[in-house]
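Comments concern the structure below.
The values are calculated or read from the model by the stated rules, or taken from the named source; none is laboratory data. All figures in this text were calculated on a predicted structure; none of them were measured in a lab. Using ideal geometry, Cβ is built from the backbone for each residue, glycine included, and neighbour counts are taken over all protein chains shown. Surface areas here come from the heavy atoms of the whole protein model, side chains and all, with no ligands, DNA or RNA. Shrake-Rupley method; radii C 1.70, N 1.55, O 1.52, S 1.80 Å.
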Amino acid sequence: MSKKRILTGHRPTGPRHIGHLVGTLENWKSLQDTHECFFLVADLHVLTTGHAQSERIQDNILNMLADWLATGIDPSRSTIVLQSIIPEHAQLSLLFSMLTTVARLERMPTYKEQIKELNLQPSLGLLTYPVLQAADILLYKAQVVPVGEDQLPHIELAREIARRFNQTYGELFPEPEALLSKAARLPGVDNRTMHTSYGNAIYLRDTEEEVERKVMAMYTDPTRIHAADLGHVDGNPVFAYHDIFNPDKDQVEDFKIRYRKGKVGDVEVKRCLVDVLNTYLAPFRERRAEYIAQPKILLEVLFSGTVKAKFIAQQTLEEVHQKMGLLHSQSFSEKVLANNISGIFC
Ligand code: TRP
């Protein structure tokens, strides 16, 4: 049986943090063994909330890509696609916007949240963000979309659009299924969700000193003033990190027992976490530095993936045109070149 096709992606907002690593990238890495994978650099989506910040996009793309490759995304097996280079994404999004009501998009929880959080006048592009995402997925007829929970409403919309299209114009698209990652969400160093814009993230590219500084200043049990006070382990990010990153489970258990009894200080538990994290991050840091030093390799990876994707995108768009009763662009140009104008419209 042929492998199912996956499409997933990230907006290139800059270097990846360890929340991305345990939440998504490790998952993507292993999915490469079982699926045909397309990984999208969704640079058009970045513009939906920050059209004026576009000068940083190129740098952010390279940084994100270096992290993807450093964590095991393998361009010899998977296709890495740069969204803005393939106009078919935008074209399909426009056609899909005809099948989607404004009211449906205004009800999207992600849209409502963004407006509230960013306190902005939403652009038309922000409203149609999920339509562009549906186009990203369906352009490659992907069957599976690995995403975080916050993205589920977008996958639901992609399924609706696929259904509506198929019912109206004839079968073309599979209904893509979301695949939720099993990893628990990693808290940031301030115990909120780890997020680039919150300034609470530990990055794959952070130096040993930066990791140390961030961990030593990390949020712990706020009820514990002195090392001898009884401590709380649950909801304490220092222990959440130990659980995920520290391979010595006995040591973690021992810390927890002593912490609850007030027999170990935060500093000792944190010092150990600094070592654990730095050991864990060392190979990623090294590999990403090698890629960053050779941007030509990164650009080649982007180029070859995008060329491959372009063929598929073009073909799907032709099929969509045909089904929707629009002119078929290839036969259009052939007939024009052959001077067979009367045959075009029949
Ligand atoms: N919206 C996704 C995010 O912010 C990024 C994305 C764009 C995406 N297009 C996609 C994810 C298609 C999956 C499939 O994380």
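Ala103 meets all of the listed conditions (1) open to solvent by 10 Å² or more (accessible area, probe 1.4 Å); (2) touching a residue at least 40 places away in the same chain (Cβ under 8 Å); (3) among the hydrophobic types (A, V, I, L, M, F, W, C) but one, namely (2).
From the list Thr168, Thr79, pick out the single residue that is buried (at least 18 other Cβ atoms within 10 Å of the Cβ), touching a residue at least 60 places away in the same chain (Cβ under 8 Å) and more than 12 Å from the ligand (Cβ to nearest atom).
Numbers: Thr168 fails: buried (at least 18 other Cβ atoms within 10 Å of the Cβ).
Sole residue among the options that is buried (at least 18 other Cβ atoms within 10 Å of the Cβ), touching a residue at least 60 places away in the same chain (Cβ under 8 Å) and more than 12 Å from the ligand (Cβ to nearest atom): Thr79.
I want to confirm something. Restricting to segment 8-21 and keeping residues that are part of a loop (DSSP other than H, G, I, E, B) and touching a strand residue (DSSP E or B) at 6+ places or on another chain (Cβ under 8 Å), which single residue is nearest to Thr193 (Cα to Cα)? Applying the filter and picking the extreme gives Arg16. When the residues of segment 214-252 are narrowed to those that are in a helix (DSSP H, G or I) and among the basic types (Lys, Arg), which ends up nearest to Asn200 (Cα to Cα)? The qualifying residue nearest to Asn200 (Cα to Cα) is Lys214. Of all residues in segment 134-146, one or more are in contact with a strand residue (DSSP E or B) (Cβ under 7 Å, 6 or more places away or on another chain), within 12 Å of the ligand (Cβ to nearest atom) and hydroxyl-bearing (Ser, Thr, Tyr).
Conditions (1) away from the ligand (no atom under 12 Å from the Cβ); (2) in contact with a strand residue (DSSP E or B) (Cβ under 9 Å, 6 or more places away or on another chain), marked per residue:
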position: Gly23; (1), (2): no, no
position: Leu31; (1), (2): yes, yes
position: His35; (1), (2): yes, yes
position: Gln58; (1), (2): yes, no
position: Trp68; (1), (2): yes, yes
position: Ser93; (1), (2): no, no
position: Met98; (1), (2): yes, no
position: Leu105; (1), (2): yes, no
position: Thr110; (1), (2): no, no
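Among the residues of segment 1-35, those that are open to solvent by 30 Å² or more (accessible area, probe 1.4 Å) and either under 20 Å from Ile244 (Cβ atoms) or basic (Lys, Arg) (or both) comprise Lys3, Lys4, Arg5, Arg11, His20, Glu26, Asn27, Lys29, Ser30.
Within segment 171-187, being modelled with pLDDT of 95 or more and open to solvent by less than 50 Å² (accessible area, probe 1.4 Å) holds for Leu172, Phe173, Pro174, Pro176, Ala178. Summed over segment 204-225, residues that are open to solvent by 90 Å² or more (accessible area, probe 1.4 Å) and touching a residue at least 24 places away in the same chain (Cβ under 8 Å) total 2.
Residue under question is Gly235, and the condition is that it be within 25 Å of Ala282 (Cβ to Cβ) and either open to solvent by 10 Å² or more (accessible area, probe 1.4 Å) or touching a residue at least 60 places away in the same chain (Cβ under 8 Å) (or both); does it hold? So Gly235 fails the test. Scanning segment 190-231 for residues that are among the β-branched types (Val, Ile, Thr) and either more than 24 Å from the chain's Cα centre (by Cα) or modelled with pLDDT under 95 (or both) gives Thr193, Thr196, Val215, Thr220, Thr223, Ile225. Scanning segment 147-163 for residues that are part of a helix (DSSP H, G or I) and within 12 Å of the ligand (Cβ to nearest atom) turns up Glu149, Asp150, Gln151, Leu152, Pro153, His154, Ile155, Leu157, Ala158.
Suppose the filter is more than 15 Å from the ligand (Cβ to nearest atom) and either more than 13 Å from the chain's Cα centre (by Cα) or modelled with pLDDT under 90 (or both); does Thr49 pass it? Full working, then the answer.
On the way: more than 15 Å from the ligand (Cβ to nearest atom): no; either more than 13 Å from the chain's Cα centre (by Cα) or modelled with pLDDT under 90 (or both): yes.
In short, no.
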